[in-house]
Amino acid sequence: MEPPECPVCLQPFDGEATIPRVLACGHSACDSCLTHLPKPPFTRTIRCPACTQLVTYPESPSALPKNIDLLRISSSLNPKPKLNSSSPTLPLLDFIPDLWSHAFFNNWKDWITPHNTISIDESTPVNGSSLVYGKAVNLKVPARCSMKCRMNVSLFKVGSSTGNDENGFRYSYLAKAMWVLFKLGDGVLAELELMLRSGLMDRRVCGVCGLWYDEEDDCLYLVCERKRTSLLNVVGLYTEVDLSSFAVMGMELCETVSRLHDVELVTGCVSLSCFGVDHFGHVFLDVNEVLMIGERVREMIRESVSFAQSNSDGKTLASNVISEIHVFPSPELSIEFVRKECVVDLECQKSTFAVGYSSDLWSLACILLMFLVGKPFVEETCDFMCSYVLKLVNGNACDCEGLHVAWLDKVSSLLYKKLDSNYVLMKELLCKCLSLDPGTRPTVNDMWKCMRELIISPKCDVIVSIERETISGSACHCLLLGDLLWSSSKTNKVEDKKGMSNDLKDENLVVKGDVIEGICKNSLTCTDLKGHLDCISGLAIGGGFLFSASFDKTINVWSLEGLNHVHTLKGHEHKVMALVFVEREVPLCISGDNGGDVFIWAIVDEKPKQFKRLTEEKDWRYSGIHALATVSGSDFFYTGSGDKSVKAWSMHDYSVSCTMNGHKSVVCTLAVCNGVLYSGSWDGTVRLWCLSDHSPLAVLGENTSTCGSVLSLAAHTHTLVAAHESGHMKAEKTKTILKIYLRTFIRLHFY
């Protein structure tokens with residue numbers, strides 16, 4: 001015996017989601033259906049869905065009495081299953097478009113922090129750069145991310161996603177962030193992964209926390225920890241410091257740079273603003289600040305190139321930039337910046353020095369000399385760097401060696417005036433750090449030992465310099481020369497038919513959106529096709545035609561070539577609920593109505609004509625064809641009926657070959673994929689049937705909380721998507737879901 005159910009939605013009464021309410025005529029219906037029934041012109045009346053009698057009706061169905069007898073019978077026939085508290089809950093799945101490989105998604109998804117993790121601090125913007133500040137406000141972060149609540153962070157813009165909603169598609173936060181990553185080049189991705197993994201190895205290095213997507217400006221940011229106190233605020237500029245404080249600061253700077261080199265990273269150029277101080281007085285490096293300094297230096301080089309090309313003097317501009325941010329790029333780094341910016345051919349043999357671990361020694365020595373000598377060193381260095389850059393821009397790299405010798409003599413004289421003869425070793429070491437040849441510079445370890453000897457002279461030195469020399473000779477990655485800073489235009493990557501990754505160079509092929517590849521917004525056209533007199537219930541395309549079914553009991557046929565009306569198929573006596581196109585020797589269009597009739601239209605001489613009329617066995621409670629499906633090359637087509645069954649009809653004699661039972665309400669949607677027939681019902685479940693023998697395979701949604709009736713199904717490879725009446729969308733199996741390729745948007749509506 002089946003449990004009692006609502007005569008409108010056919011859902012069993014359960015006392016929670018479907019509560020039976022007794023009308024004045026004695027019939028019962030659930031309160032949800034009574035709310036949505038059409039109201040007669042008479043106030044406080046309603047027409048009973050069972051006997052069609054006009055009865056009195058209160059303002060709300062909750063004022064009607066419950067049918068206790070129906071609830072008692074329903075509970076006895078369909079007892080509620082006991083929930084097992086130990087059973088795991090199903091995780092919520094993000095809707096991810098099919099644009100990247102499974103390995104790419106798994107590699108990057110754990111680096112992306114949730115959207116509500118960071119709050120942008122609008123009061124402290126950094127104008128003219130890609131750096132903004134914020135604060136971590138949520139502890140729910142992926143396992144790889146190392147943020148803590150209320151942690152101050154800096155955010156450097158990695159890339160942007162233009163026009164997220166231009167195509168009418170809205171995707172999840174994770175999908176948007178993955179889309180920005182997918183558009184980046186391989187060099188940028190490799191550099192990001194190196195910095196992210198380095199941040200996990202040593203907190204003194206950079207404190208890289210992860211990636212965060214800002215949905216307001218559609219940009220992806222690299223998140224780094226930022227201390228409230230910077231080294232610049234602690235020591236100040238041009239202030240007298242005693243040698244003990246100077247030595248402690250120098251040791252901390254050397255240790256931080258050494259930790260950076262341990263993870264095979266090189267800055268090439270730093271300033272005091274790049275270093276922060278934690279609660280224990282230790283100095284650490286902010287990678288985002290380093291990248292911001294690189295942007296400023298790149299801007300200086302670009303402006304110097306433009307001034308040189310216009311035969312103007314760019315010395316003042318470069319001097320202002322250097323003195324403003326107190327940054328001292330090494331000569332070899334300046335050469336690489338000029339090469340990248342203006343593509344000059346530097347013929348000088350000395351200009352071939354590569355940027356490496358010793359390049360950080362140049363900037364480190366300049367910072368220490370700035371505290372020892374003060375403002376005179378900054379002025380002399382600004383003049384030298386400006387002249388050096390201008391000579392490189394003009395292609396006079398061979399004249400830079402004499403310029404460097406003159407500057408180094410001035411710095412040495414200033415240093416010897418500042419320190420007495422007791423600090424000869426330290427003076428010689430600092431001057432060696434400013435050598436034009438990186439190979440002759442000392443190591444960070446030597447600098448650290450020199451700073452330590454200003455405080456204490458140990459009897460036994462256990463530090464082995466050979467290990468540092470080995471590290472200095474290994475490969476490294478310079479942050480300021482990487483693709484993250486120099487990729488002015490991020491290229492999109494798509495997967496071709498062979499699965500190979502290619503870069504698109506034609507901007508017309510790159511869509512400004514999240515989902516659709518190869519379609520620009522301006523290429524979409526809209527055409528209105530008018531002809532139906534009621535709701536349009538189904539569409540099918542085939543044979544060069546578009547078929548549209550409607551509640552007005554007709555099927556309109558439109559030409560896809562001219563988008564004009566061709567035929568109107570008449571014959572249904574009830575609302576047409578579904579239709580499909582069957583590609584055969586004689587093409588067929590099959591339609592079904594809610595009266596239980598199935599019409600088969602044959603397209604002969606490009607004119608659809610009625611070929612066959614089939615009638616389903618009717619029940620006074622259940623009737624109507626609500627869904628149709630077919631398989632290419634199969635001998636069957638399938639109908640979803642109001643009698644809770646799925647029927648397989650033979651294409652040879654057009655008889656019912658098999659009836660598949662199991663649903664508890666109307667079967668309203670069907671989908672076919674990979675030898676499986678999926679059926680969705682008003683009972684909220686999806687059933688799987690084998691197409692070879694029509695045997696049942698599985699039931700989905702039977703043991704989960706109800707989301708309402710299943711209204712639509714879509715199947716692709718190993719993924720099934722079900723749309724529910726409540727607005728929920730469920731995806732079974734976390735593989736890619738949809739790819740939509742659309743050139744023309746056609747809008748159908750009735751008068």
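The values are calculated or read from the model by the stated rules, or taken from the named source; none is laboratory data. A quick note: this is a predicted structure, and the numbers were derived from the prediction, not measured. Quick reminder, even Gly has a Cβ in these numbers, built from the backbone with ideal geometry, and neighbours come from all protein chains shown.
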request  = Mind checking which strands (runs of 3 or more DSSP E) fall wholly inside the stretch 530-609 and carry at least 1 residues that are in contact with a Gly (Cβ under 6 Å, 6 or more places away or on another chain) and over 19 Å from Trp649 (Cα atoms)?
outcome  = 545-550, 554-559, 565-570, 597-604
task = Sort out which residues of the stretch 270-288 are closer than 20 Å to Tyr221 by Cα and among the acidic types (Asp, Glu), and write them in order of number.
result = Asp286
ask   = Does Ser245 fit the bill of being without any contact (Cβ under 8 Å) to a residue 24 or more places away in the chain and surrounded by fewer than 24 Cβ atoms within 10 Å (Cβ to Cβ)?
value = yes
request  = Could you look through the stretch 224-259, keep only residues that are in contact with a His (Cβ under 9 Å, 6 or more places away or on another chain) and of a type in the set (A, V, I, L, M), and pick out the one that is modelled with the lowest pLDDT?
outcome  = Leu237
Those residues of the stretch 705-716 which are of a type outside the set (A, V, I, L, M, F, W, C) and modelled with pLDDT of 75 or more, in sequence order = Gly708, Ser709, Ser712, His716
query = Among all residue pairs at least 6 apart or on different chains, which show Cβ distances below 6 Å where the first residue, located in the stretch 525-536, is under 15 Å from His567 (Cβ atoms) and the second is of a type outside the set (A, V, I, L, M) and in a loop (DSSP other than H, G, I, E, B)?
reply = His532/Asp552; His532/Phe750
request  = Take the stretch 319-357 and flag every residue that is at pLDDT below 75, in a helix (DSSP H, G or I) and either under 37 Å from the mean Cα position of the chain (by Cα) or farther than 23 Å from Leu408 by Cβ (or both).
outcome  = Asn320, Val321, Glu324, Ile325, Glu341, Cys342
Positions within the stretch 569-590 being of a type in the set (Val, Ile, Thr) and closer than 15 Å to Phe545 by Cα, in sequence order = Val580, Val582, Val586, Ile590
query = Can you tell me which residue in the stretch 548-578 is farthest from Glu606 (Cα to Cα), limited to those that are surrounded by 21 or more Cβ atoms within 10 Å (Cβ to Cβ) and within 37 Å of the chain's Cα centre (by Cα)?
reply = Ala578
task = Being modelled with pLDDT of 90 or more and more than 24 Å from Asn594 (Cβ to Cβ) narrows it down to one of Leu688, Leu700, so name that one.
result = Leu688
ask   = Tell me, which strands (runs of 3 or more DSSP E) lie completely within the stretch 612-709 with 2 or more residues that are under 18 Å from Ser591 (Cα atoms)?
value = 625-630, 636-641, 645-650, 667-673
task = Could you check how many residues of the stretch 249-304 are part of a loop (DSSP other than H, G, I, E, B), buried (at least 20 other Cβ atoms within 10 Å of the Cβ) and either among the charged types (D, E, K, R) or out of contact with any helix residue (DSSP H, G or I) (no Cβ under 7 Å at 6 or more places or on another chain) (or both)?
result = 1
request  = Check whether at least one residue in the stretch 627-641 is over 25 Å from His716 (Cβ atoms) and out of contact with any His (no Cβ under 6 Å at 6 or more places or on another chain), and report yes or no.
outcome  = yes
message = Whether any residue in the stretch 193-200 is assigned to a helix (DSSP H, G or I), at pLDDT 85 or above and surrounded by fewer than 14 Cβ atoms within 10 Å (Cβ to Cβ) is what I want to check.
response = yes
ask   = Of all the helices (runs of 4 or more DSSP H) wholly in the stretch 391-462, which have at least 3 residues that are within 49 Å of the chain's Cα centre (by Cα) and modelled with pLDDT of 85 or more?
value = 424-433, 444-453
inquiry  = Exactly one of these conditions fails for Glu702: (1) within 23 Å of Cys33 (Cβ to Cβ); (2) buried (at least 17 other Cβ atoms within 10 Å of the Cβ). Give me its number.
reply    = (2)
task = Take Cys668 and decide whether it is surrounded by fewer than 18 Cβ atoms within 10 Å (Cβ to Cβ), closer than 20 Å to Ala578 by Cβ, in contact (Cβ under 8 Å) with a residue 24 or more places away in the chain and in the same structural domain as Phe547 (by TED's automatic domain parsing).
result = no
key: Per-region count, the stretch 96-114, residues assigned to a loop (DSSP other than H, G, I, E, B) and at pLDDT 80 or above   = 2
